[in-house]
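Contents: one structure, followed by commentary.
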Amino acid sequence: MTDNLLIWIAAAVVVSAIALAAQAVALLYISRSVSQLQERVIAMMPKIDTAVGNAEKAIASGEKAIGSVEKLIADSRQDIVSIVDKADKLMEVVNVQMTKVDARVTKLDQFLEDTTQRAKTQVDRVESFMDETVGRARHTVGFVNDTVTRPIREVNAVSAGLKAAVSALFHRRPAAERAEQADRTAEETVTHSS
């Protein structure tokens, strides 16, 4: 067993030696990679420093811009509140004026409606009066015609007849001429009297 044990121990030592050698190789590789990385980082440091500086400047500018914007917002807030207050007051005034205008328009509508109704009533009265006046005028014309004009015509006709008779007695014209003369005289008398 001792031989076996020695073989096993020897095998374990060989495996351990191989593992240590592998670890040493890996460590060397890692060391070399870290050195290369360090060189790259060192080479990039100026660029990183520049980028960090630019970022710090951008952050500072951004903070200034944010400060300006905050100040602008604070200043504008007062102006906006003032504008909103003025707009509210203006709307109140507009609403009051609209109420007044609405009341006046309503009164004007009532006035126009009342005036229109009165005008219609007056037109109806005038029309009735005119109808009555025209009726009275017709009646008066008929009355004058019956009481004044007809007797005048009758008197004219009698007078024309007498004239024709006297003329016929003293002038001795032919009967046809005397009849025509009497008709003309009667027509002239009627035309002048109308």
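Relative contact order (percent) for the chain, with alpha-carbon contacts under 8 angstrom and 6 or more residues of separation? Working shown, then result.
Working: 22 pairs, mean separation 26.1, N = 194.
13 percent.
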Checklist outcome for this item: Rounded to the nearest 0.05, FRET efficiency between Ser16 and Ala43 (Cβ-Cβ, R0 41 Å) equals 0.55
Checklist entry - What is the list of residues in region 97-130 whose amide nitrogen lies under 19 Å from a point 7 angstrom out from the Cα of Thr140, following Cα to Cβ? => result 126-130
Next on the checklist: I need the shape label for region 2-193. Rule: rounded when a/c is under 1.5, else prolate if a/b > b/c, else oblate, with a, b, c from the alpha carbon gyration tensor.
Outcome noted: prolate
Item to check | FRET E, pair Ala103, Asp124, Förster distance 35 Å, beta-carbon r, rounded to 0.05 | outcome: 0.65
Next on the checklist: Within the chain, which whole H helices from DSSP have a Cα span along their axis of at least 15 Å and a mean Kyte-Doolittle hydropathy of -1.0 or more, if any?
Outcome noted: 2-144, 150-171
Next on the checklist: Can you give me the C-alpha center-to-center distance between region 112-143 and region 5-62, rounded to a whole angstrom?
Outcome noted: 124 Å
Item to check | Lysine pairs within the chain, Cα separation less than 26 Å, 8 or more sequence positions apart or different chains | outcome: 7
Item to check | Stretchable slack from Thr2 to Val148, in nm (0.36 nm times residue separation minus alpha-carbon distance) | outcome: 34.0 nm
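For region 2-193, what is the charge dipole size about the Cα centre, in debye to the nearest 20, if Lys and Arg each add +1 at the Cβ and Asp and Glu each add -1 at the Cβ?
Details: 24 positive and 26 negative charges, 148 e Å.
Dipole magnitude for region 2-193 comes out near 720 debye.
Bear in mind these aren't lab numbers, they're just calculated from the coordinates by the rules spelled out. Just so you know, these numbers come straight off a predicted model, no measurement behind them. Quick reminder, even Gly has a Cβ in these numbers, built from the backbone with ideal geometry, and neighbours come from all protein chains shown.
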